[in-house]
Every structure is written in structure tokens, then in C-alpha cells.
Amino acid sequence: MNHEKKLLRFLPVLAFVAAFLAFVRPVYATEALTLDPSLYANIPESVLAAMPELTLPTTPVVPTTPVVPVVPAVPALPEVTVPVTPEVTQPVLDPAGSKLTYVDVSIDNQILTYYSEGVPVLMTPCVTGSPGRSTPRGLFQINSCIPGKYLTGPTWNVWVDRWMRFSGNCGIHDATWRKQFGGNIYKSNGSHGCVNIPHDQAILLYNMVGIGTVVYVH
């Protein structure tokens, strides 16, 4: 009995040791606190039963797998189809291999040639439109033949004896105010878009062509 009383004196000490161990050694919720058996081997069961129950703090289990936020799917953009403009190629007349009848105007060479069934029957130097108001290129047809008229514009009002229109206000006509034709005259003193030819050549050409005659400017 005296032995048990002596042991009861150490109960506060044991409680302090247990609390200290709980403070310095965190444990998980599933882990139990165990003491060295040598500490309580000689303690009677009646003393151990009298010791207050010790509740140890628990440490929450921290998940190791990070939470990945769900990113909403971005809707796919509709496919945009860019329309392709077909390439327009200008047909090239080949008088040597055909029997076509037409007026050929070469801007680079400043030469007008009239082909009758593939045979050149008239060739003359000419003056086409100057840079900035050049003669339109392409395939056209003569749509007006007038034996004489005034050509008027913002800064000109001139008479021509032969007028053969093929595109808009552009036509083939004589130009008696010119002394020379051909060469590079068109680059510095060209027309307003018409094809100027010598007076005598204009008379001859006028008598060969008619409404619907093809004019090929290139």
C-alpha cells in the first residue's frame, strides 16, 4: 500500500512526460502513441488505471496529388476558305499560223499592222498613249467608223479625217499635227489613249476595216 502511494507521487511527472512527447512528436490520426515499456513495467495496474486518459492531437493527412483545374475546351474556329480568283490570260493572236483578219497594235514596238486573212497588208509606225493615260491593252472590236469628226477634251479640240473607235473614247485616227511617228515619242509626247497614225495610212486603213473588225492591242 505504501508502495502504491509512492508511485502516485510520480503520476504528475508521467503525465508531463506524456504531454511533452505529444508536443515534440506530431503523429497522424492513425498512429498511436507508444511509450517505452521499461517506464511502466513496475507500475501496478491499479495505478495505471488511475492515470487520466491522454488525448493526442492529430495531424491532418495532406494529399500528395495536386488538384488540376478543369479548363473548358475552346471551340474550334470555323475554317475560312479564301476564294481564289482565276488567272485571266490574254489570248495571243498568231497571224503566221492563222488566217485571221484584224488590226495589230504593238505598244512596245509602236507599230500598227493590218492583217487580212493572216497576211500583213498594211504596216505603219504609230503613237499610242503616254504613261499615265496609256492605250488600253486587250482584244477589242471597231464599233464606230466616221470619215471625219472633232475630238474634244479638257485641253484639246482637234479635227481628224478618219476615226475608228475600238474602246471607250479610244480609237485609231490620223494626227496631222504630228510630224513624226513611232520610236519612243509616246513616252514623252504620247496621245491621250488613242492610236495616232499618219494621215495617208489612216485613209488606207479606214477603207479596209469596218464595224466588228478585231483590234488587238498588246
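The values are calculated or read from the model by the stated rules, or taken from the named source; none is laboratory data. Everything numeric in this text was worked out from a predicted model, so none of it was measured. As a convention, Cβ positions derive from the backbone with ideal geometry for all residues, glycine included, and neighbour counts pool all protein chains shown.
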Check segment 128-137 and report whether any residue there is hydroxyl-bearing (Ser, Thr, Tyr) and without any contact (Cβ under 8 Å) to a residue 60 or more places away in the chain.
yes
Would you mention how many residues in segment 138-162 are out of contact with any Gly (no Cβ under 6 Å at 6 or more places or on another chain) and touching a residue at least 12 places away in the same chain (Cβ under 8 Å)?
17
Suppose we filter Val84, Val103, Val88 for residues that are of a type in the set (A, V, I, L, M) and either at pLDDT 90 or above or in the same structural domain as Val209 (by TED's automatic domain parsing) (or both); which single one remains?
Val103
Failed item in (1) assigned to a loop (DSSP other than H, G, I, E, B); (2) buried (at least 16 other Cβ atoms within 10 Å of the Cβ), with Ile172 passing the rest:
(1)
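Here is a yes/no grid of residues against (1) under 16 Å from Met123 (Cβ atoms); (2) over 49 Å from the mean Cα position of the chain (by Cα); (3) of a type in the set (D, E, K, R):
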site	(1), (2), (3)
Pro154	no, no, no
Val158	no, yes, no
Met164	no, no, no
Thr176	no, yes, no
Tyr186	no, no, no
Leu204	yes, yes, no
Val209	yes, no, no
Gly212	no, no, no
